Amino acid sequence: MPSPRLLVVEGNSPQTLDEHRAAGGTPAHQGYSDLLRELTPGAIVDTCHPGDPAANLPDGESLEGYDGVAITGSSLHIYDGGPSVTRQIELARAVFKAGTPVFGSCWGLQILTVAAGGAVRRNPKGRELGFGRSIRLTESGRKHPMYIGKPDVFNAPTVHLDEVETLAPGMVVLSTNAVSDVQSAEIRSNGSLAWGVQYHPEYPLREIATIVRRIGTRLIGEGFFADNADIAIYSGDLDALDKNPDDKRLAWRHGISKNVLDKKLRVSEVANWIEFQVLPTRVKRGRG
């Protein structure tokens, strides 16, 4: 029996990837690939880079050959347009057409929403940074397989400036909070189904720390931090808590709950996608 084949779509431009590496971070596609290999032992995980206008992308036949597709976050904005954005929307539409299960984190949710006929805007409430607080499951979310094992109210790693403004036809909101009405959703298009979250279940705390350091000047301007020293303290605390999740002092100081610090709970949405979408589709296609 062939090994499961998964595809990770890197949402960032080459420039952002270089900046993130320089800040000490792990590229989004690499971190996502590592998680998928951990959750699906023996899986072959490929990556593609539609944010790079020069990169080659898989065609429809290739997309049908994958058992699942995951779309990462990105520093891009859909409303800015341009090849780095439009190529990703077109790729998402091709994934829907191929009928391959797809999961989107943050930018991934936004791209899937637009590909299915919805709209995305800059959030008038501003950026959500660090952790999405008091994300609450809707009635549909409480019944949804993506949230099996998850509490009805939880926190999650997050960093985003944009949000879903208009739902795509048939889109179902699964969770919400005070910052964004759409924290997660089920999206249907072309007879296919996608799951998307506005937050980042795939991010360890060290990645949030890296992003804070990388875009620190903007965050000072937005009022999240007083100065670079303030950024250094916050990001240092997250790095320390990443290495030692049992540090009660730091967890209490930043209000970071068990559903973030316990990796199994944090990544459960992705694990449930594999169990309830990827593996069953693989069986239907005669590959599992």
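Every number in this text was worked out from the coordinates using simple rules, so none of it is lab data. The structure presented is a predicted model; accordingly, all values stated were derived computationally and were not measured.
Just a few scattered comments:
- Where only alpha carbons of the range 152-266 are counted, the Rg and the Dmax (Å): 16.3, 51
- Computed from backbone phi, the HN-Hα couplings of the range 132-143 come to x, 9, 6, 6, 10, 5, 6, 4, 5, x, 5, 9 Hz, rounded to whole numbers (Karplus: 6.51 cos²θ - 1.76 cosθ + 1.60, θ = phi - 60°; Gly and Pro given as x).
- Annotation: lysines with alpha-carbon distance below 26 angstrom to K284 (same-chain offsets under eight excluded): K97, K143.
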